[in-house]
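Chemist: My structure is below; once you've seen it, I'll send some questions.
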Amino acid sequence: MDADEFVTEYLTLGLSFDRLEEGFVDAFTGDPALRRAVENAPTPDPRTLARRAADLRAALPSTDLSADRASFLDAHLRALACSARTLAGDEIGFVDEVRAYFDVDIALGDQDDYRAAHRSLDEVLPGSGPLAERMRAHRAADEIPPERLAECVEAFSSALRDEVRRRYPLPDAEQVTYEVVGDKPWSGFNYYLGDYRSTVAINSDLKQHMAHLPRLIAHESYPGHHTEHCRKEAGLVATAGQQEQTVFLVNTPQCLMAEGLADLALESLIGPGWGTWAQEIYADLGLRFDGARAEAVHAASAGLLGVRQDAALMLHDQGRSHDEVASFLERWSLTTSDRARQSLRFLTSPLWRAYISTYVEGYRLLGAWLDRADTADERSARFARLLDEPLIPSGLR
């Protein structure tokens, strides 16, 4: 099987999963005729998809694909085989499921680390009452008035876009449109439409906070998901002809790389001092924001990164009850009951239940790799590689 034929088979396989689980295909910018053919075909059998993924993995060494493309496809075919088995009803251990999807191994975090993070937060949050109450008061004071959200979004999008276009050039035609939606299990979502255009949805069910909004826009747009999609479409697809990059599939190593990149986007673009930078933008909008405190709270909270992954392990690996897991999230994340229940929606969604590991392990893996850079210029060059190359977790390790 030649390379082009193999990639077409891979695309057909990936697109077929959307027939069984709507939303599995996060984005597709390839041949519309191929997608129509898949949509008009009989509903696929998940066991047939699992066998097809295994057959393609076995055929991969006989193709003339380059080593990096072959490694990328092999990891993604392994993930698709696991998804197909899950959809067929096979019992797969949660840790094994995450390993197959995202090319990483996970384990419960250390609650001593969480206690240390609480002690750090105790030092930076004002007041002397219980820490959870002080955190809730801090977040309440940080809420963006709903009627001001749209202009805040546009202000940060514009500021981040200008900086991205200076450091990581984008096609002139690129564009992001923002919309507010409700009844979703996530806080924000990038819908990449192809031709360098995205729609970013922001969940109105969750109160948006001044400290979080710059991170949200950086994550979804500049230099996060939208920027990565644009640069890969312009480079890997349009220039290098790697058509496998025209599809972005949920529960694959692509996702861990993309979410890790996006969660590191604000620090990678603005760097230390992002709080003061954001404070100046809010001041131009007539909003008061303590950037230094926001940055200190974020740094102190870094030790709580693994809490949500622990919650997923408690649910799916240990069989703990929803009430027990919600209490765990409230305690260690210092969050409200409503916010904990919103997290449970995400952690119990059939499509998204394992996805929390992309944020936790993606941030750890990519952050450690970026931190190995000796200079700011080298770190920026490494971030550009994440935007431009078809890297996978095992390759990065």
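The values are calculated or read from the model by the stated rules, or taken from the named source; none is laboratory data. No experiment lies behind these values; they were computed from the predicted model shown. Cβ sites come from the backbone with ideal geometry, for glycine too, and all protein chains shown count toward neighbours. The protein model used for the area step is the full one, side chains on, heavy atoms only, and it has no ligands, DNA or RNA in it. Shrake-Rupley method; radii C 1.70, N 1.55, O 1.52, S 1.80 Å.
Chemist: Considering every residue within segment 159-168, establish whether at least one is open to solvent by less than 20 Å² (accessible area, probe 1.4 Å), part of a strand (DSSP E or B) and hydroxyl-bearing (Ser, Thr, Tyr).
Modeler: For segment 159-168, residues open to solvent by less than 20 Å² (accessible area, probe 1.4 Å), part of a strand (DSSP E or B) and hydroxyl-bearing (Ser, Thr, Tyr): absent.
Chemist: Of all the residues that make up segment 16-37, how many are crowded, with 16+ Cβ neighbours inside 10 Å and over 25 Å from SER349 (Cα atoms)?
Modeler: Here the count works out to 4.
A quick yes/no check of all residues on (1) closer than 28 Å to LYS184 by Cβ; (2) without any contact (Cβ under 8 Å) to a residue 24 or more places away in the chain; (3) of a type in the set (D, E, K, R):
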position: TRP352; (1), (2), (3): yes, no, no
position: TYR355; (1), (2), (3): yes, no, no
position: TRP369; (1), (2), (3): no, no, no
position: ALA381; (1), (2), (3): no, yes, no
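Chemist: Ok, one more. For segment 166-180, check the following and say yes or no: at least one residue is within 30 Å of THR335 (Cα to Cα), touching an Asp or Glu at 6+ places or on another chain (Cβ under 6 Å) and among the hydrophobic types (A, V, I, L, M, F, W, C).
Modeler: Checking segment 166-180: not a single residue is within 30 Å of THR335 (Cα to Cα), touching an Asp or Glu at 6+ places or on another chain (Cβ under 6 Å) and among the hydrophobic types (A, V, I, L, M, F, W, C).
Chemist: Is it the case, given these coordinates, that PRO223 is assigned to a loop (DSSP other than H, G, I, E, B) and over 22 Å from the mean Cα position of the chain (by Cα)?
Modeler: no
Residues checked against (1) hydroxyl-bearing (Ser, Thr, Tyr); (2) open to solvent by 20 Å² or more (accessible area, probe 1.4 Å); (3) outside any helix (DSSP H, G or I); (4) modelled with pLDDT of 95 or more:
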{"site": "PRO61", "(1), (2), (3), (4)": "no, yes, no, yes"}
{"site": "ARG69", "(1), (2), (3), (4)": "no, yes, no, yes"}
{"site": "LEU77", "(1), (2), (3), (4)": "no, no, no, yes"}
{"site": "CYS82", "(1), (2), (3), (4)": "no, no, no, yes"}
{"site": "GLY89", "(1), (2), (3), (4)": "no, yes, yes, yes"}
{"site": "ILE92", "(1), (2), (3), (4)": "no, yes, yes, yes"}
{"site": "LEU108", "(1), (2), (3), (4)": "no, yes, yes, yes"}
{"site": "ASP122", "(1), (2), (3), (4)": "no, yes, no, yes"}
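Chemist: Could you tell me whether any residue of segment 147-156 is of a type outside the set (Lys, Arg), part of a loop (DSSP other than H, G, I, E, B) and either open to solvent by 80 Å² or more (accessible area, probe 1.4 Å) or under 22 Å from GLN279 (Cα atoms) (or both)?
Modeler: No: segment 147-156 contains no residue that is of a type outside the set (Lys, Arg), part of a loop (DSSP other than H, G, I, E, B) and either open to solvent by 80 Å² or more (accessible area, probe 1.4 Å) or under 22 Å from GLN279 (Cα atoms) (or both).
Chemist: With the requirement that a residue be surrounded by fewer than 16 Cβ atoms within 10 Å (Cβ to Cβ) and part of a strand (DSSP E or B), what does segment 176-190 give you?
Modeler: Selection gives THR177, GLU179, VAL180, VAL181.
Chemist: Here is a further query. Which one of the conditions (1) touching a helix residue (DSSP H, G or I) at 6+ places or on another chain (Cβ under 7 Å); (2) not in a helix (DSSP H, G or I) does LEU56 fail to meet, given that it meets all the rest?
Modeler: Evaluating LEU56 over (1) touching a helix residue (DSSP H, G or I) at 6+ places or on another chain (Cβ under 7 Å); (2) not in a helix (DSSP H, G or I) leaves (2) as the failure.
Chemist: LEU391 - would you say it is assigned to a helix (DSSP H, G or I), crowded, with 18+ Cβ neighbours inside 10 Å and among the aliphatic types (A, V, I, L, M)?
Modeler: Against the criterion (assigned to a helix (DSSP H, G or I), crowded, with 18+ Cβ neighbours inside 10 Å and among the aliphatic types (A, V, I, L, M)), LEU391 does not qualify.
Chemist: Let me ask something additional. Between ALA140, ALA218, which is touching a Phe, Trp or Tyr at 6+ places or on another chain (Cβ under 9 Å) and either surrounded by 16 or more Cβ atoms within 10 Å (Cβ to Cβ) or on the phi < 0 side of the Ramachandran plot (or both)?
Modeler: ALA218
Chemist: Still on this structure: Going by the conditions given, is ARG99 free of Cβ contacts under 8 Å to residues at least 12 places away in the same chain, assigned to a helix (DSSP H, G or I), under 24 Å from THR348 (Cα atoms) and open to solvent by 20 Å² or more (accessible area, probe 1.4 Å)?
Modeler: Here the answer is yes, as ARG99 does meet what is asked.
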